Amino acid sequence: MADGAPITLYNSLTRQAEPLRPLVPGEVGVYTCGPTVYSYAHLGNMRPYVFSDTLRRVLEWKGLRVRQVVNITDVGHTVGETDLGEDKVEAAARRELKSVREVTAHYTAAYLHDIARLNVRTPSDLPRASDYVPQMLDFARTLDERGYTYRIDSGLYFDTARSPGYGTLAQISMEGQREGARLETVPGKRNKADFAVWRTEAPGQRRVMRWDSPWGPGVPGWHLECSVMSIDLLGRHFDIHTGGVDHREIHHVNEIAQSEAYLESDRPWVTHWLHNEFVLLRNRKVAKSEGGAPLLQDLVDDGLHPLAYRYFLLTATYRSQLELTDAAVRGASSALRRLAGRAQALRPLPDVPTLTAAAAAMTTEAGRAALRRLDEALSDDLNTPRALADLNTAARGDDLPDTDLATLLAAADTVLGLSLDELHPADLDGRADVSTVDEQLRDRLAQREDARKRRDWPESDRIRDEIAEAGWRVVDTPEGPVLEPLR
Ligand code: AMP
Ligand code: ZN
């Protein structure tokens, strides 16, 4: 049992919020579909990882042991998500005049760097698909022996007609799904929704990445990878599978079909399916194919702190779409700066890694009530916007004694991952828009401008030093003076 309020999570499988009842009491297995490492992950791609990290943090904070697997897809994911298309990684290697290994190593490192900057805790396991090909071959062989698959020139295909519940997750009728799912025509496919478990090389074709198989040399299907790695690391059945909402319609539907065929068990393969909604840019999904999708590094280059982006993601529930705008991310940055400023005055924050530890450290009823509210918001399908709103109210008000506010901030930090224990408020904006800094600082800046106009350099320097003491460097630009934090 988890500590505190009961955890309910919205389950895409049943389209309703359901209590979390771990298969093994006290332990939770979580599998998150990870990145395909053929290009930089954009800001939209960061959402599934911040979301599953927040989920993990909440579960651990409530006393559960979590094993979290995030896979790295370095083979098998084709351009356009088709069965016959080129491998995304091989296409990138060709484009960049690099080897496949150089491409995957480079983008894997970039991904790990980004998630670390977002305070995403390192998952328990980060399996690479190319390391699991023998297990994938075994899995495919089992499906084949049991008659779930059929052989055509382009590979081994899963026969979705053999899967009675096919499409339940996507909530599409079997007929609708079969007819509507695929536009690509693959000669010999029995049903439109059938998908490749193994993709055999065409005669004359020679892929860079290839393995021998009973169905000819080739590569595993992308869907197969997640089924195999998750079952290998988390066991035949596990609690939670997460991913972006686009996976709900095909990728996860196919994972379920082949895993249930493989397990031949009478209960669902995975209990809870959780899907995060998209980050939008000008009303459309941020996507690699659009070209120029913004990266975390772009925000950093604009003077923002990566954690301002984490805060921004937490301002919406994971199940709602989130429009990415400069104003919204800067607003998140200011809000985080205020929280970090409040926390700074109370540092060092106490070490309260769990809800139970935080509850024991509270000294007043008001403190305990604030902690309860935090727990209730997060246990309610990870309602991070409510948790943040309550936290900001508590930080602004004076209802809590300092010790309890420090405990509350430390507790919130454990689950939200915002580095409130160490973030310097001045780290949050590379350049502060002068209109956003406090009035006193604005006045001093105006006085310095006057002094400069009067050519009173000693006075201008004196004011500059004073502003530096407040933690800011004045930088004169053609648009007027701006402030940069002094570190
Ligand atoms: P990919 O590396 O393209 O396979 O995508 C990695 C993850 O990012 C998947 O879980 C996608 O569902 C997710 N994703 C892609 N675009 C967005 C977006 N704009 N907002 C949120 N999640 C996204
Ligand atoms: Zn997957």
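The values are calculated or read from the model by the stated rules, or taken from the named source; none is laboratory data. Bear in mind the structure is a predicted one, so any value in this text is a computation, not a measurement. Virtual Cβ from ideal backbone geometry, glycine too; neighbours counted across all protein chains shown.
Of everything in segment 209-224, what is over 17 Å from Glu86 (Cβ atoms) and within 16 Å of ligand 2 (Cβ to nearest atom)? Give them in sequence order.
Residues satisfying the conditions are His223, Leu224.
Return the residues of segment 120-153 that are surrounded by fewer than 19 Cβ atoms within 10 Å (Cβ to Cβ) and of a type in the set (S, T, N, Q); say none if nothing qualifies.
Selection gives Thr122, Ser124, Gln135, Thr142.
Run Gln258 past the list (1) surrounded by fewer than 22 Cβ atoms within 10 Å (Cβ to Cβ); (2) of a type outside the set (Gly, Ala, Ser); (3) not in a loop (DSSP other than H, G, I, E, B) and report the number of the one that doesn't hold.
(1)
Go through segment 53-107 and give me each residue that's of a type in the set (Phe, Trp, Tyr) and more than 27 Å from Pro22 (Cβ to Cβ).
Across segment 53-107, the qualifying residue is only Tyr107.
If I filter segment 246-257 down to residues being aliphatic (A, V, I, L, M) and either within 13 Å of ligand 2 (Cβ to nearest atom) or not assigned by TED's automatic domain parsing to the domain that holds Gly165 (or both), which single residue comes out as farthest from Pro48 (Cα to Cα)?
The selected residue is Ile256.
Where residues in segment 292-315 are over 29 Å from Ala92 (Cα atoms) and away from ligand 1 (no atom under 16 Å from the Cβ), which of them is surrounded by the fewest Cβ atoms within 10 Å (Cβ to Cβ)?
Gly303
Go through segment 194-252 and give me each residue that's of a type in the set (A, V, I, L, M, F, W, C), surrounded by fewer than 24 Cβ atoms within 10 Å (Cβ to Cβ) and within 14 Å of ligand 1 (Cβ to nearest atom).
Once the filter is applied, which keeps residues that are of a type in the set (A, V, I, L, M, F, W, C), surrounded by fewer than 24 Cβ atoms within 10 Å (Cβ to Cβ) and within 14 Å of ligand 1 (Cβ to nearest atom), segment 194-252 yields Val245, Ile250.
Tell me whether segment 446-457 contains one or more residues that are surrounded by 18 or more Cβ atoms within 10 Å (Cβ to Cβ), modelled with pLDDT under 90, not in a loop (DSSP other than H, G, I, E, B) and not assigned by TED's automatic domain parsing to the domain that holds Asp351.
For segment 446-457, residues surrounded by 18 or more Cβ atoms within 10 Å (Cβ to Cβ), modelled with pLDDT under 90, not in a loop (DSSP other than H, G, I, E, B) and not assigned by TED's automatic domain parsing to the domain that holds Asp351: absent.
If you take just the helices (runs of 4 or more DSSP H) that sit entirely in segment 271-388, which of them hold at least 1 residues that are within 29 Å of Glu81 (Cα to Cα)?
The helices (runs of 4 or more DSSP H) meeting that bar are 296-301, 306-314.
Please state which of the following conditions Ser289 fails to meet, knowing it meets all the rest: (1) surrounded by 15 or more Cβ atoms within 10 Å (Cβ to Cβ); (2) modelled with pLDDT under 95; (3) under 18 Å from Arg47 (Cβ atoms).
(1)
Within segment 236-243, is even one residue more than 14 Å from ligand 2 (Cβ to nearest atom), assigned to a helix (DSSP H, G or I) and of a type outside the set (Lys, Arg)?
Within segment 236-243 (the criterion being more than 14 Å from ligand 2 (Cβ to nearest atom), assigned to a helix (DSSP H, G or I) and of a type outside the set (Lys, Arg)), the answer is no, since none of the residues qualifies.
Going by the conditions given, is Thr14 in the same structural domain as Ala129 (by TED's automatic domain parsing), of a type in the set (S, T, N, Q) and either buried (at least 21 other Cβ atoms within 10 Å of the Cβ) or touching a Cys at 6+ places or on another chain (Cβ under 8 Å) (or both)?
no
Which of the numbered conditions does Ala93 fail, given that it passes all the others? Conditions: (1) modelled with pLDDT of 90 or more; (2) within 30 Å of Tyr157 (Cβ to Cβ); (3) touching a Ser or Thr at 6+ places or on another chain (Cβ under 8 Å); (4) away from ligand 1 (no atom under 14 Å from the Cβ).
(1)
From Val103, Val69, which residue is within 16 Å of ligand 2 (Cβ to nearest atom), under 23 Å from the mean Cα position of the chain (by Cα), of a type in the set (A, V, I, L, M, F, W, C) and surrounded by 15 or more Cβ atoms within 10 Å (Cβ to Cβ)?
Exactly one residue qualifies, and that residue is Val69.
What are the pairs, 6+ residues apart or on separate chains, where a residue within segment 457-472 that is farther than 16 Å from Gln440 by Cα has its Cβ under 8 Å from a residue that is surrounded by fewer than 18 Cβ atoms within 10 Å (Cβ to Cβ) and of a type in the set (Val, Ile, Thr)?
Partner pairs satisfying both residue conditions: none exist.
Considering segment 253-287 alone, what residues qualify as being of a type in the set (Lys, Arg) and within 11 Å of ligand 1 (Cβ to nearest atom)?
Arg284, Lys285
Determine which member of the set Tyr40, Tyr31, Tyr10 is within 16 Å of ligand 1 (Cβ to nearest atom), under 21 Å from Leu313 (Cβ atoms), hydroxyl-bearing (Ser, Thr, Tyr) and modelled with pLDDT of 95 or more.
Result of the check over Tyr40, Tyr31, Tyr10: Tyr31.
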